[in-house]
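J.: Structure in structure tokens, see below.
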Amino acid sequence: MPHSTKLPHGKVSRAGMVLTEALVAIATLAMGVMALGTITQNSIATTILAKDYLVARGLAKEGEEIVKNIRLTNRMQKPSDSTCWLRPDVASPCSSKMTANNYFIASLNASSIWVLTDKGSTLPNPDTPGISSTGIFRLYSDANGYYPTAKAGTTASKFYRSIKPTVVTDDTATFEIKVQWKDGAKTREINRFITMYNYL
């Protein structure tokens with residue numbers, strides 16, 4: 001009759017303990033690696049989002065400077081005509097004034113002077129299907145920066161910018177500069193407001 005070895009009551013085989021300890025160690029290591037991977041992924045996503053916000057703030061600030069530039073150019077070209085200060089285009093007659101609640105895009109004319117082009121009272125939302133192909137407010141980028149229109153060497157960026165006069169009187173104008181971009185399924189945006197006055 002074969003001989004069998006019995007362990008004393010309450011004792012566990014050492015070989016079984018080593019195997020259990022190894023499995024626990026592997027499971028703990030796997031959970032640690034997964035946690036580290038999640039932390040790294042979240043850190044990368046946060047860094048990208050922070051960069052996007054930084055770029056968007058710069059583009060919104062540039063929008064403010066564009067509006068100021070247009071106002072000053074109008075006043076310098078027509079210092080004696082106080083009705084010209086809100087021309088969206090320096091080549092336009094003084095009667096062609098920006099109107100409240102219309103959306104404009106900024107671009108550089110042939111003389112490298114900033115002008116605004118009226119795009120109506122409806123702002124395309126980046127969530128709207130097809131905006132990637134019809135996004136009139138889209139900005140284009142290359143290694144040197146962002147541009148309001150496509151040119152050689154640029155590619156369509158994720159950013160859209162609109163300039164909207166919210167209040168326009170003979171002496172005061174308030175503008176909302178909005179920069180939007182897609183972040184996964186979300187639409188992010190930066191808004192800036194600037195009020196200007198009609199004076200030399």
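J.: How much net charge surrounds Phe193 when only the other residues with a Cβ under 11 Å from the Cβ of Phe193 are counted, with Lys and Arg +1 and Asp and Glu -1? Could the numbers behind the result be given before it?
T.: Details: positive: Lys164, Lys178, Arg192; negative: Glu64, Glu176.
Here the charged neighbours net out to +1.
J.: Points 7 angstrom from Cα along the Cβ direction at Ser111 and Leu19: gap in nanometres?
T.: Distance between the two pseudo-spin positions: 8.8 nm.
J.: I would also like to ask the following. Suppose R0 equals 25 Å. What FRET efficiency, 1/(1 + (r/R0)^6) with r the Cβ-Cβ distance, do Val167 and Leu49 give to the nearest 0.05?
T.: Numbers: r = 32 Å, r/R0 = 1.29.
The value I calculate is 0.20.
J.: Moving on to the next point. Toward the positive end of the charge dipole of the chain, about the Cα centre and with charges on Cβ (Lys, Arg +1; Asp, Glu -1), which of Thr28, Val18, Ile177 goes farthest?
T.: Comparing the listed Cα positions along the dipole, Val18 ranks first.
J.: So, counting K/R as plus one and D/E as minus one, what does the shell of residues with Cβ under 11 Å around Thr73 add up to? Please report the intermediate quantities before stating the final value.
T.: On the way: positive: Lys68, Arg71, Arg75, Lys78, Arg87; negative: Asp89.
Spelling it out: positives minus negatives among the neighbours equals +4.
J.: Considering only Ser96, Thr187, Val67, whose Cα is most displaced toward the positive end of the charge dipole of the chain, charges sitting on Cβ of Lys, Arg (+1) and Asp, Glu (-1)?
T.: Ranked along the dipole, the leading option is Thr187.
J.: I've got another one for you. How high is the relative contact order of segment 32-197, in percent, with contacts defined as C-alpha pairs under 8 Å that are six or more residues apart?
T.: 19 percent
J.: Note down the net charge around Lys158, summing +1 for each Lys or Arg and -1 for each Asp or Glu among other residues with Cβ under 13 Å from its Cβ.
T.: Neighbourhood net charge equals +3.
J.: Please compute the modelled spin-label separation between Asn101 and Thr174, points set 7 Å along Cα→Cβ, answer in nm with one decimal.
T.: Calculated label separation equals 1.4 nm.
J.: Let's test the formula: R0 of 41 Å, r as the Cβ-Cβ distance of Lys151 and Leu36. What FRET efficiency results, to the nearest 0.05? Display every interim value, and only then the final one.
T.: On the way: r = 44 Å, r/R0 = 1.06.
Efficiency, from the Cβ-Cβ distance: 0.40.
J.: At 25 °C and 0.890 mPa s, grab the translational diffusion coefficient of segment 32-197 from Stokes-Einstein with a Kirkwood Rh over Cα pairs, rounded to a whole number in µm² per second.
T.: D = 142 µm²/s.
J.: Please check the chain for the longest run free of trypsin sites (Lys or Arg not before Pro) that are loop-located per DSSP (anything but H, G, I, E, B) and have at most 13 other Cβ atoms within 10 Å.
T.: On the way: sites that count: Lys6, Lys11, Lys151.
With a cap of 13 other Cβ atoms within 10 Å, the longest stretch comes to 12-150.
J.: For Ile136, put the label point 7 Å out on the Cα→Cβ axis and report which residues of segment 145-188 keep their amide N under 13 Å from it.
T.: 162-163
J.: Additional query: Rounding to the nearest 10 and keeping the result within 0 to 90°, find how far the Cα-based axis of helix 14-77 lies from the longest principal axis of the chain.
T.: 0 degrees
J.: Treating only the Cβ of Lys, Arg, Asp and Glu as charged (+1, +1, -1, -1), what charge dipole size does the chain show about its Cα centre? Round to the nearest 20 debye.
T.: Numbers: 23 positive and 15 negative charges, 112 e Å.
Rounded to the nearest 20 debye, it is 540 debye.
None of the figures in this text is laboratory data; all of them are computed from the coordinates on show. Bear in mind the structure is a predicted one, so any value in this text is a computation, not a measurement. Because the Cβ atoms are built from the backbone with ideal geometry, glycine has one as well, and the counts that use them run over all protein chains shown.
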